[in-house]
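Chemist: Quick one: structure below, then a few questions.
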Amino acid sequence: MFDRYDPLDDPRDRDWERHDRHRGGRGPAEERDRSVDPRDVFMRDLDLPRERERQEISLRDRSYELRGSESRTLATVGAFRVVCSNDLRDHDGKPLDPRRGDLRHLREAGLVETARLAGRRDHVVTLTKEGRDLLHKHRRDTGERARQAFYAGVRKPRELAHDVQVYRAYERAAQGITERGGRLRRVVLDYELKGEYQRFLQERNRHRDDSDGCPDREEREIEDWALDHHLPYFDEQVHFPDVRIEWEDEYRRTHEEDIEVTTEHYRGAHAAAAARSGFSCYRSSSVGVFGGGGGRHGGRGGSRSGLAEELLS
């Protein structure tokens, strides 16, 4: 229905390569990092409008009108569950305002919800069930097993101040990946990794009437599962990042960068676990890198009990 934009097969890359060979430059990576928007990857398999003018699309018995910037907002918010409105952009490249423009249009259409963080001016954006269903309906079946997951609603309101920082950390990490010539594939949130882990733990309990619900996996089995999923296992537990970025290099080899967003409450054992995990760590106050190497292994560094922010109605 709509023209497909695939950051992994962008005709502009071929133009850069031809131009670079002509002028004897160092390669297309330097051009790519100035042109690839880290949000575009979430639109890769979606049949949604990409133009400036709004176009009509349908979901069940309802019709909606979307422009390209609104399609990208829906996909980005769905991929991260919650994103700060200031981190999203309209068709003119301006931050979104819940009171007007794209965000107001999406909210009035019933596709997103917005709320203000307690004690702050920042607004968070999350998809409604209808918004998530719209993405699912208009997604192409590419046959890929690993697809971008989309989420709706707030899962843990008291962790919002932390969770909105995950997208900001992703933007910083994605910039580094594209500057090195990498191509973004998708993001995997901790919800997805933990869900897969729980299914592994409970696999033997399925369809058993006598099951008490407690997993019977041995420690070695758990450690092997963590190794297979490129996750660290220490202190008798699997450690999960806040988000994993999957990307490809110029030879189409797949890589992963695991990211942990930390707060000022990461001290003692929590800070030690975050450092030991090997994740790229970003401070939530400034979203600046202070540790980690962007490797494949890593772990989550502890509790967020000091975060008291929650949604206001």
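Chemist: Mind listing whichever residues of segment 119-146 are closer than 15 Å to residue 47 by Cα, part of a loop (DSSP other than H, G, I, E, B) and not polar (S, T, N, Q)?
Modeler: 138, 140, 141
Chemist: Okay, moving on. Would you point out which residue out of 233, 191 is among the aromatic types (Phe, Trp, Tyr) and under 19 Å from residue 149 (Cβ atoms)?
Modeler: Result: 191 is the single residue among 233, 191 that is among the aromatic types (Phe, Trp, Tyr) and under 19 Å from residue 149 (Cβ atoms).
Chemist: Let me confirm something: among 260, 256, 264, 248, which residue is at pLDDT 70 or above and more than 23 Å from residue 222 (Cα to Cα)?
Modeler: 248
Chemist: Show the residue pairs meeting these rules: Cβ distance below 9 Å; 6+ apart or different chains; first residue within segment 21-50 and under 22 Å from residue 251 (Cα atoms) and at pLDDT below 90; second residue part of a loop (DSSP other than H, G, I, E, B) and of a type in the set (Lys, Arg).
Modeler: Cβ pairs passing all conditions: 29/180; 33/180.
Chemist: Can you go through 195, 181 and tell me which one is touching a residue at least 60 places away in the same chain (Cβ under 8 Å) and more than 21 Å from residue 87 (Cα to Cα)?
Modeler: Being touching a residue at least 60 places away in the same chain (Cβ under 8 Å) and more than 21 Å from residue 87 (Cα to Cα) holds for just one of 195, 181, which is 181.
Chemist: Filter segment 240-264 for residues that are in a loop (DSSP other than H, G, I, E, B) and under 18 Å from the mean Cα position of the chain (by Cα) and give the result.
Modeler: The answer is 240, 241, 242.
Let's see how each residue does on (1) farther than 17 Å from residue 163 by Cα; (2) in contact (Cβ under 8 Å) with a residue 24 or more places away in the chain:
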{"position": "67", "(1), (2)": "yes, yes"}
{"position": "95", "(1), (2)": "yes, no"}
{"position": "99", "(1), (2)": "yes, no"}
{"position": "110", "(1), (2)": "yes, no"}
{"position": "116", "(1), (2)": "no, yes"}
{"position": "120", "(1), (2)": "no, yes"}
{"position": "123", "(1), (2)": "no, yes"}
{"position": "126", "(1), (2)": "no, yes"}
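Chemist: Moving to a separate point now. Can you name the residue in segment 193-215 that is assigned to a loop (DSSP other than H, G, I, E, B) and surrounded by 12 or more Cβ atoms within 10 Å (Cβ to Cβ) and is also modelled with the lowest pLDDT among such residues?
Modeler: Restricting to residues being assigned to a loop (DSSP other than H, G, I, E, B) and surrounded by 12 or more Cβ atoms within 10 Å (Cβ to Cβ), the top hit is 211.
Chemist: Modelled with pLDDT of 95 or more, among the hydrophobic types (A, V, I, L, M, F, W, C) and in contact with a Lys or Arg (Cβ under 9 Å, 6 or more places away or on another chain): is that true of residue 189 in this structure?
Modeler: Yes: the conditions hold for residue 189.
The values are calculated or read from the model by the stated rules, or taken from the named source; none is laboratory data. These numbers were taken from a predicted model, which means no experiment stands behind them. Neighbour counts are summed over all protein chains in view; Cβ atoms, including those assigned to glycine, are modelled from backbone coordinates with ideal geometry.
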